[in-house]
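Colleague: Okay, here's the structure, questions in a sec.
The values are calculated or read from the model by the stated rules, or taken from the named source; none is laboratory data. Computed from a predicted model, the values in this text were never measured in an experiment. For neighbour counting, all protein chains shown are included, and Cβ atoms are generated from backbone atoms with ideal geometry for every residue, glycine included.
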């Protein structure tokens with residue numbers, strides 16, 4: 001959670017400019033909630049505790065391996081992993097290894113075939129399907145020793 005305090009000292013226009021600027025500065029972590037508050041007037045603090053509780057619940061969430069593998073089938077049918085160096089990435093299965101933060105392990109043919117935009121796609125699908133829109137997510141890719149040709 002990013003909490004911006006002392007907003008009572010700013011005009012409405014300055015608060016809007018600060019929101020826009022902050023959004024641009026932390027675009028790499030768009031899932032992080034931002035609250036604007038004033039401890040003097042207590043404005044904006046009413047939503048803090050419910051947000052903390054929601055984040056904690058998302059962070060502690062566990063997803064069964066069966067549910068994760070159904071998701072893998074669905075998302076790879078919609079959007080296959082890219083071809084890199086003449087080879088296509090393949091996800092054999094995935095599991096949740098930990099929570100706080102949720103950590104997902106993908107067992108794949110070659111971890112070097114999973115990069116950038118496809119990893120973001122997988123992360124976005126996990127967030128969307130399992131309601132993890134505000135928590136950090138760790139994703140680990142482990143190469144299998146299988147040779148799938």
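Colleague: Give the stretch 100-121 a look and list any residue that's buried (at least 16 other Cβ atoms within 10 Å of the Cβ) and farther than 16 Å from residue 138 by Cβ, or say none. Please lay out each step first, then the result.
Modeller: Within the stretch 100-121, the first condition is being buried (at least 16 other Cβ atoms within 10 Å of the Cβ), and the residues that meet it are 102, 104-110, 113-114, 118.
Of everything in the stretch 100-121, those that are buried (at least 16 other Cβ atoms within 10 Å of the Cβ) and farther than 16 Å from residue 138 by Cβ turn out to be 109, 110, 113, 118.
Colleague: Kindly list the number of the only condition in (1) touching a helix residue (DSSP H, G or I) at 6+ places or on another chain (Cβ under 8 Å); (2) over 30 Å from residue 109 (Cβ atoms); (3) free of Cβ contacts under 8 Å to residues at least 60 places away in the same chain that fails for residue 88.
Modeller: Checking residue 88 against (1) touching a helix residue (DSSP H, G or I) at 6+ places or on another chain (Cβ under 8 Å); (2) over 30 Å from residue 109 (Cβ atoms); (3) free of Cβ contacts under 8 Å to residues at least 60 places away in the same chain, the one that fails is (2).
Colleague: Would you mind finding the one in 11, 37 that is outside the structural domain of residue 135 (by TED's automatic domain parsing), farther than 22 Å from residue 128 by Cβ and touching a residue at least 24 places away in the same chain (Cβ under 8 Å)?
Modeller: Details: 11 fails: touching a residue at least 24 places away in the same chain (Cβ under 8 Å).
Exactly one of 11, 37 is outside the structural domain of residue 135 (by TED's automatic domain parsing), farther than 22 Å from residue 128 by Cβ and touching a residue at least 24 places away in the same chain (Cβ under 8 Å), namely 37.
Colleague: Within the stretch 40-72, can you find the residues that are part of a loop (DSSP other than H, G, I, E, B) and loosely packed, with under 12 Cβ neighbours inside 10 Å? Please lay out each step first, then the result.
Modeller: Here is the first cut: in the stretch 40-72, the residues part of a loop (DSSP other than H, G, I, E, B) are 40-42, 44-47, 61-64.
Selection gives 40, 41, 42, 46, 62, 64.
Colleague: Continuing with the same structure: Within the stretch 14-28, count every residue that is touching a strand residue (DSSP E or B) at 6+ places or on another chain (Cβ under 9 Å) and either part of a helix (DSSP H, G or I) or farther than 25 Å from residue 128 by Cβ (or both).
Modeller: Of the residues in the stretch 14-28, the ones touching a strand residue (DSSP E or B) at 6+ places or on another chain (Cβ under 9 Å) are 15, 18-19, 22-23, 26.
Filter again for either part of a helix (DSSP H, G or I) or farther than 25 Å from residue 128 by Cβ (or both), leaving 15, 18-19, 22-23.
Residues in the stretch 14-28 being touching a strand residue (DSSP E or B) at 6+ places or on another chain (Cβ under 9 Å) and either part of a helix (DSSP H, G or I) or farther than 25 Å from residue 128 by Cβ (or both): 5 in total.
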